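This report refers to the structure that appears directly beneath it.
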Amino acid sequence: MRILNISAQKPDSTGSGTYLAALVREQIETGHRAAVLCGAAPGDTQGELDRRAAVFAVPFESPELPFPICGMSDVMPYPSTRYRDLTPSMLKAFERAFAAAIDRAVAEFRPDLVLCHHLYLVTALARECVRGVPVVAVCHSTDLRQLCSHTLERDRIVSAVRRLDAVFALHAEQAEQIDLVCGVDADRIHVIGTGYDHRVFCRDASVARQPGSLVYVGKICFKKGVESLVRAVSLPIDDGVRPSGLVLVGGRGDDAEYARIERLTAASDVPVTLAGRLDSDGLVRAYRSSDVFVLPSFYEGLPLVTIEALACGCKVVATDLPGVRPWMEAMLPGAPVTWVASPRMTDVDTPVAADLPLFERALADAIAQALAAPLSTFEPSAVSWEACLARILKVVDLLEGGSYG
């Protein structure tokens, strides 16, 4: 099968970008032909993509698109433009550039399947442009957040999503949200989950795990709970083990937020390292050398980093977010994960400020308990990209001929 994968963002740097790149690699490994249509900034090399994939890059910060890549999150780990800030002329330029790229990719690559990422604007364009080939899309939650946060092309996007040949959700709770926000028939929404690369993310007995060490991987921003995490590690502990250090891995987002986080780390009683973005080798070393992985986010789809950390031998502390815990407990029973109740939210990803002290206290206690627990021997081998891709292609195989477009 010839599969055209589409995203308006970079195929790296974010959870959805990593998800796309992993699926592309698995497509090629299992004998399919793969192409990727994606946004690109000056100097981008699409380094995380399998070199065997054809790439149709849409250049931002160019004469045609004289602004940074549009980000599905309002805070991205690279220079970006918020969708809500697009002017009418910027929107027209975006549509013109991506519609032309889609037409070119379809003409040159001749796909049997178009697999989009995010139920948002570029997926709507793909649905409008492509005929005679099934067009399907994966939801990553940030798309639903955009649809609920502002009205940019909302009716058009929802209409296009309803006309997709299939919609893929990461977990059951997200499937319900897709139905609620977009009104997609339930029998056209399919839960596919996620996977991890067992060839890369695995244990290594030769790497010393540092007692009391914590690692976080993700965007360095408020809505990922990073500020709360830095405050939590400095709180006094009555029971359990106090952290010996925290490493924050990830790209910076908003400059003001990052500066505030820098000040918090400098004032912390526990050593905190801002490691920046790491390549896959560096990321694996960070997981393998850490005792506990912490993901204190206020909003997530289905975080791949949690599974990667488990595969590398970390215990995990994570916010109990809608859909994530049920999926983890169903797919990975017995995983050493300590769940922390989420604070109340004022909207989809903004916590009630008055709830943060209690959340941070609970986070500190959960970390102390996880650090005191025995080292993990858990293996998340039940989850793989091969199985995830197989679930997608099983749905595609069942699509009725002649329904495309």
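The values are calculated or read from the model by the stated rules, or taken from the named source; none is laboratory data. Predicted model, so just to flag it, every value in this text is computed and none were measured. Here the Cβ positions follow ideal geometry from the backbone for every residue, glycine too, while neighbour counts run over all protein chains shown.
General remarks:
- Search result, residues across the range 178-210 that are over 15 Å from HIS117 (Cα atoms) and either touching a Leu at 6+ places or on another chain (Cβ under 6 Å) or among the small types (Gly, Ala, Ser) (or both): VAL181, GLY183, ALA186, GLY195, ALA205, SER206, ALA208
- When SER268, SER290, SER297 are checked against the criterion of being over 19 Å from the mean Cα position of the chain (by Cα), buried (at least 19 other Cβ atoms within 10 Å of the Cβ) and of a type in the set (S, T, N, Q), SER290 stands alone in meeting it.
- Filtering LEU274, LEU332, LEU302, LEU310 for residues that are under 28 Å from HIS171 (Cα atoms) and surrounded by fewer than 24 Cβ atoms within 10 Å (Cβ to Cβ) leaves a single hit, LEU332.
- Residues located in the range 125-157, provided they are small (Gly, Ala, Ser) and crowded, with 23+ Cβ neighbours inside 10 Å: ALA126, ALA137, SER141
- All conditions in (1) within 29 Å of GLU29 (Cβ to Cβ); (2) at pLDDT 95 or above; (3) outside any loop (DSSP other than H, G, I, E, B) hold for ALA335, with the sole exception of (3).
- Of all residues making up the range 1-32, the number that are under 16 Å from VAL136 (Cβ atoms) and either without any contact (Cβ under 8 Å) to a residue 12 or more places away in the chain or aromatic (Phe, Trp, Tyr) (or both): 1
- Filter pass, LEU65 being of a type in the set (A, V, I, L, M), farther than 30 Å from THR306 by Cβ and part of a helix (DSSP H, G or I): no
- A single member of ASP204, ASP239 is closer than 23 Å to ALA372 by Cα and outside the structural domain of PRO351 (by TED's automatic domain parsing), and it is ASP204.
- Residue match in the range 185-206 (condition: within 21 Å of ASP269 (Cβ to Cβ) and touching a Ser or Thr at 6+ places or on another chain (Cβ under 7 Å)): no
- Screening VAL348, VAL317, VAL340, VAL324 for residues that are over 21 Å from ALA286 (Cβ atoms) and in contact with a strand residue (DSSP E or B) (Cβ under 7 Å, 6 or more places away or on another chain) leaves exactly one candidate, VAL340.
- Considering residues of the range 1-29 that are of a type in the set (S, T, N, Q) and more than 19 Å from GLY193 (Cα to Cα) only, the residue farthest from the chain's Cα centre (by Cα): GLN9
- GLU64, sole failed condition from (1) more than 23 Å from VAL217 (Cβ to Cβ); (2) crowded, with 19+ Cβ neighbours inside 10 Å; (3) charged (D, E, K, R): (2)
- Residues in the range 33-56 that are assigned to a strand (DSSP E or B) and in contact (Cβ under 8 Å) with a residue 24 or more places away in the chain: ARG33, ALA34, ALA35, VAL36, LEU37, CYS38, GLY39, ALA40, ALA54, PHE56.
Every residue, every condition in (1) over 17 Å from the mean Cα position of the chain (by Cα); (2) among the aliphatic types (A, V, I, L, M); (3) modelled with pLDDT of 95 or more, yes or no:
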{"residue": "ARG33", "(1), (2), (3)": "yes, no, yes"}
{"residue": "ALA54", "(1), (2), (3)": "yes, yes, yes"}
{"residue": "ALA57", "(1), (2), (3)": "yes, yes, yes"}
{"residue": "CYS116", "(1), (2), (3)": "no, no, yes"}
{"residue": "ARG127", "(1), (2), (3)": "yes, no, yes"}
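- Matching residues in the range 315-327 - criterion: being surrounded by fewer than 24 Cβ atoms within 10 Å (Cβ to Cβ) and without any contact (Cβ under 8 Å) to a residue 40 or more places away in the chain: ASP320, LEU321, ARG325
- Reported count of residues in the range 143-177, each being under 17 Å from LEU115 (Cα atoms) and within 19 Å of the chain's Cα centre (by Cα), is 5.
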